[in-house]
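Report on the following structure.
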């Protein structure tokens, strides 16, 4: 193994939290986690000061350090991906980005938009600084709990879309029905289907703000049915996510038990 390959593998172990063959986060990753939390904390505590025209001190300079740190991390990750034979060369790096597209996008959004303004020496606009919350998603790489959540939504994607479609269809149909039942009785409050859909959604979710409510008998019957159906409609995604979450837990427990069986006996090194 050449010196470049050794450097790539060493950095890969650091980036993936397997430094010196130990489990858990490496020192390098702990530094990145600290930078993520620091940048989010500073943005949350004092966002107004940074938007001032003369705020090129304090928070802004700390954020510049964070931006450059994430930029270096991204470049290093892309370079050390070549330690895997599948990701060598330009085509290999493209394949790496495709295989890890979500985290690649998160890593880019965490630094690249603001890096452009840093290189120009100007403050980024306020709406762009909101992208810093994307840095929280970088924690998914370092903590198993986040990866379980992402895998849960990934595996339950199609059932959730089906549940969302059913809820949207019920919402729209209920809005049309409430419009036909309530428009003539209270035209100032249910002037169009949009108003009726607002009544439908607050009834479907059992919120009931009280700004609009049915006053006709048919409207009350429709609203009552929507309220009852809404309980199941809102609970359906929760059940899907809970089932997928438990499935992920069982799979990881099974994988951990299998890895323990396949590993070397105690004392062997």
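The values are calculated or read from the model by the stated rules, or taken from the named source; none is laboratory data. Predicted model only: the values in this text are computed from it and were never measured. No Cβ is skipped: glycine too gets one built from the backbone with ideal geometry, and neighbour counts run over all protein chains shown.
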Which ones in the stretch 132-151 are modelled with pLDDT of 85 or more and either over 12 Å from the mean Cα position of the chain (by Cα) or surrounded by 16 or more Cβ atoms within 10 Å (Cβ to Cβ) (or both)? 132, 134, 135, 137, 138, 139
Within the stretch 136-183, track down each residue that is touching a residue at least 60 places away in the same chain (Cβ under 8 Å) and part of a loop (DSSP other than H, G, I, E, B). 142, 156
Return the only residue of 168, 233 being crowded, with 18+ Cβ neighbours inside 10 Å and within 24 Å of the chain's Cα centre (by Cα). 233
Pairs with Cβ under 8 Å, 6+ apart, first in the stretch 115-126 and at pLDDT 90 or above, second part of a helix (DSSP H, G or I): 115/67; 115/68; 115/71
Do we have any residue at all in the stretch 92-104 that's modelled with pLDDT under 90, farther than 28 Å from residue 153 by Cα and in contact with a helix residue (DSSP H, G or I) (Cβ under 9 Å, 6 or more places away or on another chain)? no
If you scan the stretch 184-200, which residues turn out to be buried (at least 16 other Cβ atoms within 10 Å of the Cβ) and touching a residue at least 24 places away in the same chain (Cβ under 8 Å)? 186, 197, 199, 200
